[in-house]
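To start, the structure under review is shown below, and the notes come after it.
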Amino acid sequence: MEEEEDQQKLPDLVKELVHRLLSQNLPSNSPPLNPNSAEFRNSLRYALRILSSRLTPSVAPDAAAIADSIKRRLATHARSADALSFADLFSKFASKAQSVNNKWAVIYLLKIISEDRHKTASIPATTTPLLPNLAFSEPASNKGWSNGVLLVSKDPENRREVAFREFVNLVKEENEVSEEVIVRDVLYACQGVDGRFVNFESESKRYVIPDSVRVPRGTRSMVHNLCELGVLFRKVSGYISQSMDRFPNEDVGTVGQAFCSALQDELSEYYKLLAVLEAQASNPIPLVSESASSGNYLSLRRLAVWLAEPMVKMRLMADLVEKCRVLRGGAMAGAIHLHAQHGDPMVHEFMRRLLQRVCSSLFEMVRRWVLEGELEDIFSEFFIVGQPVKAESLWREGYRLHDAMLPSFIPPSLAQRILRTGKSINFLRVCCEDRGWADAATEVITDNEVTARRGGFGYGETDTLELLVDKAAKRIDKHLLDVIFKRYKFKEHCLAIKQYLLLGQGDFVQYLMDIVGPELSEPANTISSFKLSGLLETAIRASNAQYEDPDILDRLRVKMMPHESGDRGWDVFSLEYDARVPLDTVFTESVMARYLRIFNFLWKLKRVEHALTGAWKTMKPNCITSNSFTRLQHAVKMQLVSTLRRCQVLWVEINHFISNIQYYIMFEVLEISWSNFLAEMEVAKDLDDLLAAHEKYLHSIVEKSLLGDLSQSLYKSLLVIFDLILRFRSRADRLYEGIHELQARITESSLSSRDQNKTRSRKQLNDKTEEPGSWIVDGRKALTQRAGEFLRNMEQDLDAIAKEYSSLQEEFISQLPIQQHVDLKFLFFRLDFNEFYRRLCPSV
């Protein structure tokens, strides 16, 4: 009963307070305030609204602090007397008003009302001074206020409460769907599922709220932004489903499968987040004016904060899916790696975790390749591809890099080392039939430095990968070279090719040319290769070649090249060397074809030298007895001497040229190239280095020996000179054969003359009247005439040959200074050491 009376007293006290406050502002001559007037009712309602407010003031509940604030405010406005009066009244109020519990609230209310009065001093009289910014006239609608928002000065919390209450009411009237429902639909959309009001639009490929549903524009925009996550989710989950349906029937590959698995794991984490968010979405969203004790609810704005990080990851995954849709293997890993170069730590860590999963199969392929030589690439994902080839082509053609599958995080130089290491293992296993590589691989696996880093062998551990490859390459390449040099005697075979195909074994070459020369002078179609093989065996047994390794001699064979009609044996004869596995990796068919070209050139050069040597043996002075020509006429004897001198001078000139050419080829070309090859052979670290050294050696010989593409005109000129020298040999042989024949005739004539003289003496004793033998005189004259004619013809032939030789030699020498290879330029100085040809031909 007493409580009801107290509750009835409170409104009466508020009404009396409002009446007193309003009466103080009335003019002195105005009638008393009518309690039933609109002004009084509005003011009373305003006061009751303030008193019934649930918002907590924005100041601390400290009455003394509020009183100090009021005193300072009065003092700053030059109202010190009022400040002292207020201090006295506050002390009395604090000591006597024991029944008032919230003294600080009463003081705070009075402070706000006082400030409000001062602020509304400039409001027109038609407006109530205690109601700033709001004219409490007759309401224009049932909402209570015409402006729709109440602003209470110096009480931001109360103002916000009143304003937000009205705002909530307006929002409820403008929204056909509550925020809780929209949040739930957005969560459905983030899982790729249509909601009640948020559906996927196939044309625009996005989630939208239908236009028929009335929601604010801001809400519609926020839903669109949040539902982008659902669109990205559909793209990622669709790619995973499509790839898993294709595997293993189509070329998804192990890398693509790992990529899908990593994406699926990320989506699993995403599902967990959505489960948490759905649990929070079941809690009602409190009004703005209400305080949520737990705060465990989900609004659109809170959902935007929750989905910010998943949005970044999902965008990244969707981008990766789009880029990797047509890629596989190393190309896919490289494309994903490009997205890992990001400055955001969160994105960088996400990509690193993803790439470790994606690249695990690639790194396992690398490990098996460099340690076991195994290439198990069913889906063609690895950056090394193999193809079935013959054993001799295994190193060059069996394996190669597939640049399109080389990930960008593996440098090309490292990829080459990886390729060579596995290739070396397969070469040892297939071509050399060696199993020692397994021991070398075991040493790599048990190496302390490699073992310490084995745990970090994967993406992002390029140093560990390089260490493993370098260790494996060093040991396996060393073992391979040991097998090539020691077991298969590579150096000995190279020397044998130099000695026999490049004609470095002088005694063997000389004897071979001596015994096969008569046979090779016959037409090519009449020569038996079996007979030539027998002659080759004879030359081997008759020279120091007999002490060679039988395996090397067994590889040396006679080869008859294809011939045409009119070819002689000299044109088709050659030697070949049988390079078997694994040496045929170095001495391939193309390499042996280049050796054959060099042999043919050197064989022609040796043939010319042999011909000149044979001519010199015929031309030796002691082969001709000058006493035999004492009975010839003086003119014929002088002609004979001139012809012989002409032949010998031409031989000396030709021999000078050929000797310098031969010295240049045999020493400055072959020996220097061989010396350089030996030096590079000693420092070779792998089979590629050995192949490069041999290629350089062979290329040097070809280029310096006038066999290169840029020296073809010079080479052709030299061949013409060779043919001319062989013609000279035939003319020289014809000359000396004729001289020997003439010498024999003269000797025979002298003997016949002596016999006839004896017979004539005997006859003179019997017949004094008979004439001396005139037929002898006539025979000697005919012989002298025939000798003179023969010598004139030979001298003319020699002059023609000498003239043609001079022209060809000058043409050859004139081309030497313009050759690109420096050694060919030095050949010019050797041939023209005294500038003789330069004086004859100023253009040289």
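Here are some notes:
- In segment 337-487, a dipole from Cβ-located charges (positive for Lys and Arg, negative for Asp and Glu) runs towards its positive end, and of MET365, LEU465, VAL430 it is VAL430 whose Cα lies farthest in that direction.
- Computed from phi, the 3J(HN,Hα) profile of segment 606-618 under the Karplus parametrisation 6.51, -1.76, 1.60 (θ = phi - 60°) reads 5, 5, 5, 4, 4, 5, 5, 5, x, 5, 5, 4, 6 Hz, with x in place of Gly and Pro.
- Summed side-chain charge close to HIS337 - residues other than HIS337 whose Cβ falls under 14 Å, Lys, Arg +1, Asp, Glu -1: +2
- Cut-off under 5 Å, modelled amide H: who pairs with HIS402 long-range: ILE384, VAL385
- Nearest-20 debye value, segment 337-487 charge dipole, Cβ charges on Lys, Arg, Asp, Glu: 280
- Each other residue within a Cβ distance under 11 Å of ALA542 adds +1 if Lys or Arg and -1 if Asp or Glu, for a net charge of -2.
- Electrostatic bookkeeping for SER85 treats Lys and Arg as +1 and Asp and Glu as -1; over the other residues with beta carbon under 13 Å from its beta carbon, the sum is +1.
- Placing dummy labels 7 Å off each Cα toward the beta-carbon, the span from LYS696 to ASN175 is 8.0 nm.
- Long-range amide H partners of ARG206 with built H, under 5 Å: GLU201
- Taking amide H as placed 1.01 Å from N in the peptide plane, the amide H of GLU522 sits under 5 Å from that of GLY569, each at least 5 places away or on another chain.
- Karplus-derived 3J(HN,Hα), 6.51/-1.76/1.60, for each residue of segment 553-558, Hz, glycine and proline x: 5, 5, 7, 8, 9, 8
- Solvent-accessible surface of segment 337-487, taken per residue with a 1.4 Å probe and all protein chains present: 48 Å².
- Taking θ as phi - 60° and the Karplus parameters 6.51, -1.76 and 1.60, the scalar couplings of segment 306-317 work out to 5, 8, 5, 5, x, 5, 4, 5, 5, 4, 5, 5 Hz in sequence order, x denoting glycine and proline.
The values are calculated or read from the model by the stated rules, or taken from the named source; none is laboratory data. Values in this document were obtained by computation on a predicted structure and should not be read as measured data. With ideal geometry, Cβ positions are generated from the backbone for all residues, glycine too; neighbour counts draw on all protein chains shown. These accessible areas exclude ligands, DNA and RNA; they are computed on the full protein's heavy atoms, side chains included. Shrake-Rupley method; radii C 1.70, N 1.55, O 1.52, S 1.80 Å.
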